[in-house]
Amino acid sequence: MTSKALVIALACLASPAFAACDEPGTGTKDTPIFSPPLGAVVTGTGRLQFHSAPSAHCAVAGVFVIPRDHLVAYAETRDGWTSVMYARATGGGVTGWVRSSRLRHTGTVGPQ
């Protein structure tokens, strides 16, 4: 196989991985929304990585939260991902998807 053919073959194999990082529609039976949004706190140890879509292949480099950080949870997939927003102390917020198993709902509407 020539190097040009190898590059084309690898590009074709990699393209489904990039397509998988499209954010799913929320408010469906597979990704129901929380109404109102729920407060959640990060549990466990170490960093909790943000993802652009609910897939391990869609990590957002350098964007994470740590245990005891408070988040707003908007939706949850059936396979264990939660759509969240983290409000920065300096203003603004970061949105993305995190593993649901690392969150504990606080019983509040929004962060505490």
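The values are calculated or read from the model by the stated rules, or taken from the named source; none is laboratory data. Just so it is clear, the structure is predicted and the values come from calculations on it, not from any experiment. Cβ sites come from the backbone with ideal geometry, for glycine too, and all protein chains shown count toward neighbours.
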Study note, to complete from the structure: Over the stretch 81-97, the set of residues of a type outside the set (A, V, I, L, M), surrounded by fewer than 21 Cβ atoms within 10 Å (Cβ to Cβ) and either part of a strand (DSSP E or B) or in contact with a strand residue (DSSP E or B) (Cβ under 6 Å, 6 or more places away or on another chain) (or both) is Gly93, Thr95
Point to revise | In the stretch 76-98, residue nearest to Pro24 (Cα to Cα) [restricted to those that are over 10 Å from the mean Cα position of the chain (by Cα) and aliphatic (A, V, I, L, M)] | key: Val94
**Study point:** Residues (in contact with a His (Cβ under 6 Å, 6 or more places away or on another chain) and either of a type in the set (Ser, Thr, Tyr) or modelled with pLDDT under 95 (or both)) located in the stretch 37-59
**Key:** Leu38
Check your understanding: Is there a residue in the stretch 68-77 that is closer than 18 Å to Arg102 by Cα, modelled with pLDDT under 95, of a type in the set (Val, Ile, Thr) and surrounded by 12 or more Cβ atoms within 10 Å (Cβ to Cβ)?
Key -> yes
Review point. Can Pro24 be described as at pLDDT below 95 and buried (at least 18 other Cβ atoms within 10 Å of the Cβ)?
Key: no
Exercise for review: Identify the single condition in (1) in contact with a strand residue (DSSP E or B) (Cβ under 7 Å, 6 or more places away or on another chain); (2) modelled with pLDDT of 90 or more; (3) of a type in the set (Gly, Ala, Ser) that Gly110 does not satisfy, given that it satisfies every other one.
Suggested key: (2)
Point to revise | Residues located in the stretch 46-67, provided they are surrounded by fewer than 16 Cβ atoms within 10 Å (Cβ to Cβ) and assigned to a loop (DSSP other than H, G, I, E, B) | key: Gly46, Arg47, Ile66, Pro67
Exercise for review: Might you let me know whether the stretch 33-45 holds any residue that is within 11 Å of Gly96 (Cα to Cα) and buried (at least 20 other Cβ atoms within 10 Å of the Cβ)?
Suggested key: no
Check your understanding: Does Ala73 satisfy being of a type in the set (A, V, I, L, M, F, W, C), closer than 21 Å to Gly25 by Cβ and part of a strand (DSSP E or B)?
Key -> yes
Exercise for review: For Gly62, state whether it is more than 12 Å from the chain's Cα centre (by Cα), among the small types (Gly, Ala, Ser), more than 12 Å from Ala40 (Cβ to Cβ) and modelled with pLDDT of 95 or more.
Suggested key: yes
